[in-house]
Amino acid sequence: MTKTKKQEWNSNLAFLMAMIGSAVGLGNIWRFPYVLYSNGGGSFMIPYIVSLFLLGISFVLVEYAVGYKFKRSLARILYSIKEKFEPIAWFILLIVFLITTYYICVVGWDLIYFVLSMTQQWGANPDLYFANNVLHATSSVYGIFSIVPNVFVSIFLIWVAACLILRQDLNDGIGRVSKILLPLLVLIVIGIVVFSLTLPGASIGYTQIFTPDWSALGNLNVWLAAFGQIVFSLSLGMAIAMTYASYLPEGSNLVDNAVLVAFSNSGFEVFNSIGIFSILGFMALTSGLPFNELVTEGTGLAFVVFPQVFNTMGDVSLVIAPLFFLCILFAGITSVIALLEGVCYSISEKFLIERKKTATIVCIVGFLISILFSTSLGSTILGVFDTYLNNFALLFAILLECIIFGWIYKFDDLIETLNKNSRIQVGKTWKVVIKYILPICILGLWIQGVWTTISSADTLSIIIMAALTVILIVIPIIFAKLPALNKDYYNV
Ligand code: PFF
């Protein structure tokens, strides 16, 4: 008898909502508009759609097929394929876990802004407010010893929320939360986009992004940017799709689900960017600033540019601003639980720890690491973690996954798994994509990522990256070497 109960989605809708919730995150809201704008505007949609179909959906299909066929956690799947591959699974899971520790911090900042937005407490200088009053940022290394209370508390609250959701049974926790938060998120975004289109100057924004620059299509970096956005936005290679698909009952239609998830995620980010750009268009008109100076990405867009916009909007911003930050909060939480579920599943399956306990242990350890980001040096360390883990470690992990599933595992078994219950049949083309095209594109992105990471590194970054490299080698080996407490674990 195993102590861990086999989990299964109680409806395809629960699976779909959880999958879309995992994909729709901060990347859709503040990364996509910037990537779209800086890579040719309207013409960017061509490499974006090609990447979505050719690479994004193809890789999601691999993850679905593997998860569904094995019905196991990533660690046990890789162990079953080849004993020696188990450390690779823990390597991938550790990357995902570390990404979560800082992703949660950004969601925590957003929680602070949600509260601040009720009274627009950021004042006339949101940029200074963000650096001095929210982050208490310093570049001195001694900043690591001073914890910023507001950030600490909000990170703690997000970890508690994630823990409470993960401790529940699959359908009562992740399933139900996704079914509630995702429709709310979509409603808020529809409201914001409709409102943004009524603003004076909106057309300055949305026409800019849909005005194509055809010459950009000849630029390799634009194609890499499109592919990079798909990797980030669909959360490729993070064991999420694999984990969620392993909870699907027999007879599920994997291909239709993959297409639906990918379309919903991309539809969301394109639709949302119309709102973001219309609001920036309004700002360009009212402030007289050139449009391109307003288009930033990440925290700069959400916590600096948008508060500036809200300052000029009058009373209506007392409604729009909290809704905007709430939207980021919901998108962030559904992604956080997805990132953690795969990690918990592997630990729980190998060490035979029940779901509730695993979630609590993982969240406590995660919170302890996140404390690092609640210090005055936190935002600097977060930047290094983000660049290193996303540009370097994660892409390397996806490359390994392509090699293992495309070249070493019996690929035809995956084709059979997908085609069994699907109207759309996959075959040779898919095989060619996974075996050749996808690894080449990932390699291209990886080389570009390594180059950017190295060329922008200062001494502190190099020390942090070296420490992360050691951690990413040592801990996975230890986890793989630890004996499984679950006897079934070794049944391949
Ligand atoms: N796809 C989600 C997003 O776009 O925010 C989740 C995610 C992707 C989280 C990549 C973290 C990450 F590095």
For Trp214, the lone unmet condition from (1) touching a Ser or Thr at 6+ places or on another chain (Cβ under 6 Å); (2) within 25 Å of Leu16 (Cβ to Cβ) is (2)
Checking Ser235, Ser264 in turn, the sole residue that is assigned to a loop (DSSP other than H, G, I, E, B) and within 16 Å of the ligand (Cβ to nearest atom) turns out to be Ser235
Output for Cβ contacts, cut-off 8 Å, separation at least six or different chains, first residue without any contact (Cβ under 8 Å) to a residue 12 or more places away in the chain and under 23 Å from Ile463 (Cβ atoms) in segment 385-403, second assigned to a helix (DSSP H, G or I) and away from the ligand (no atom under 11 Å from the Cβ), reads none
When (1) among the hydroxyl-bearing types (Ser, Thr, Tyr); (2) without any contact (Cβ under 8 Å) to a residue 12 or more places away in the chain; (3) surrounded by 18 or more Cβ atoms within 10 Å (Cβ to Cβ) are applied to Thr198, the one that fails is (3)
**Message:** Kindly evaluate Leu352 against the criterion of being touching a helix residue (DSSP H, G or I) at 6+ places or on another chain (Cβ under 9 Å), at pLDDT 95 or above, more than 16 Å from the ligand (Cβ to nearest atom) and on the phi > 0 side of the Ramachandran plot.
**Reply:** yes
Scanning segment 1-33 for residues that are modelled with pLDDT of 95 or more and in a loop (DSSP other than H, G, I, E, B), the one nearest to the ligand (Cβ to nearest atom) turns out to be Gly25
From the option list Ala75, Ala137, single residue qualifying as small (Gly, Ala, Ser) and in a helix (DSSP H, G or I) is Ala75
Exactly one of Gly366, Gly332 is buried (at least 21 other Cβ atoms within 10 Å of the Cβ) and either at positive phi or out of contact with any Asp or Glu (no Cβ under 9 Å at 6 or more places or on another chain) (or both), and that residue is Gly366
Those residues of segment 291-329 which are closer than 26 Å to Ala245 by Cα and within 12 Å of the ligand (Cβ to nearest atom) amount to Ile328
Given the conditions (1) within 16 Å of the ligand (Cβ to nearest atom); (2) at positive phi; (3) not acidic (Asp, Glu), every one holds for Gly201 apart from (1)
| message | For segment 93-115, check the following and say yes or no: at least one residue is surrounded by fewer than 19 Cβ atoms within 10 Å (Cβ to Cβ) and out of contact with any strand residue (DSSP E or B) (no Cβ under 9 Å at 6 or more places or on another chain). | response | yes
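The values are calculated or read from the model by the stated rules, or taken from the named source; none is laboratory data. The model shown is predicted, which means the values in this text are computed figures rather than measured ones. Please note: Cβ atoms are built from the backbone with ideal geometry, for glycine as well, and neighbour counts cover all protein chains shown.
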